Amino acid sequence: MSDLPDFPAIRTYEVLTRDLGQFRLSIPEDWKVTYGPVVGAKSNGGSYHGNALRVWESDTKQRVMIMDVIQFCDLSVQVQIRAIRPHGSQKWYRASTGVAGEFAWKDPEEVVAGIPDLVDHRPVRPAGYDYAEKEF
């Protein structure tokens with residue numbers, strides 16, 4: 001028998017706001033999260049706080065309200081993005097149109113932001129086509 005207290009299961013969110021930037025917020029798993037406009041917020045002459053992320057312990061007990069939230073994500077949710085690995089490359093890049101290569105769904109940590117300039121964007125030519133004679 002353990003003398004340690006029972007801690008509730010925790011859920012972690014990654015949040016992006018205009019003022020605070022990006023941060024993580026961990027809350028008990030049974031708390032409720034809502035997102036929407038700040039009630040009474042108007043842009044006519046007053047301060048407008050956009051959308052807020054609210055954390056509720058119960059239906060009537062709000063514990064946190066974070067203003068100017070741009071986006072948030074429950075980190076237990078798997079997010080993947082469409083990526084491309086150009087022919088001859090070992091790295092995955094954000095998918096782009098007009099680039100030949102292998103497409104796949106990848107975790108964001110595996111993907112480089114943009115396709116580098118060294119990728120060959122020349123159109124595919126038939127076998128025997130002489131690149132030395134043509135200018136691009």
What are the residue pairs meeting all of these: first residue in segment 58-78, first residue touching a residue at least 40 places away in the same chain (Cβ under 8 Å), second residue in a loop (DSSP other than H, G, I, E, B) and β-branched (Val, Ile, Thr), Cβ atoms under 8 Å, and 6 or more apart or on different chains? Met67/Val38; Cys73/Val79
Restricting segment 4-21 to residues that are under 21 Å from the mean Cα position of the chain (by Cα) and part of a loop (DSSP other than H, G, I, E, B), the one farthest from Cys73 (Cα to Cα) turns out to be Asp19
Quick one: would you say Gly128 is more than 30 Å from Gln22 (Cβ to Cβ), among the small types (Gly, Ala, Ser) and modelled with pLDDT under 80? yes
Residue in segment 91-115 that is farthest from Phe23 (Cα to Cα), counting only those that are at pLDDT 85 or above and not charged (D, E, K, R): Phe103
Please determine, by comparing only the residues of segment 36-62 that are assigned to a strand (DSSP E or B) and surrounded by fewer than 13 Cβ atoms within 10 Å (Cβ to Cβ), which one is modelled with the lowest pLDDT. Pro37
Restricting attention to segment 75-96, report how many residues are closer than 24 Å to Val15 by Cβ and either of a type in the set (A, V, I, L, M, F, W, C) or touching a helix residue (DSSP H, G or I) at 6+ places or on another chain (Cβ under 8 Å) (or both). 5
Tally the residues that are small (Gly, Ala, Ser) and closer than 21 Å to Pro37 by Cβ, restricting the search to segment 52-111. 1
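The values are calculated or read from the model by the stated rules, or taken from the named source; none is laboratory data. Everything numeric here is computed off the predicted structure, so don't read it as measured data. Cβ atoms come from the backbone with ideal geometry, glycine included; neighbour counts cover every protein chain shown.
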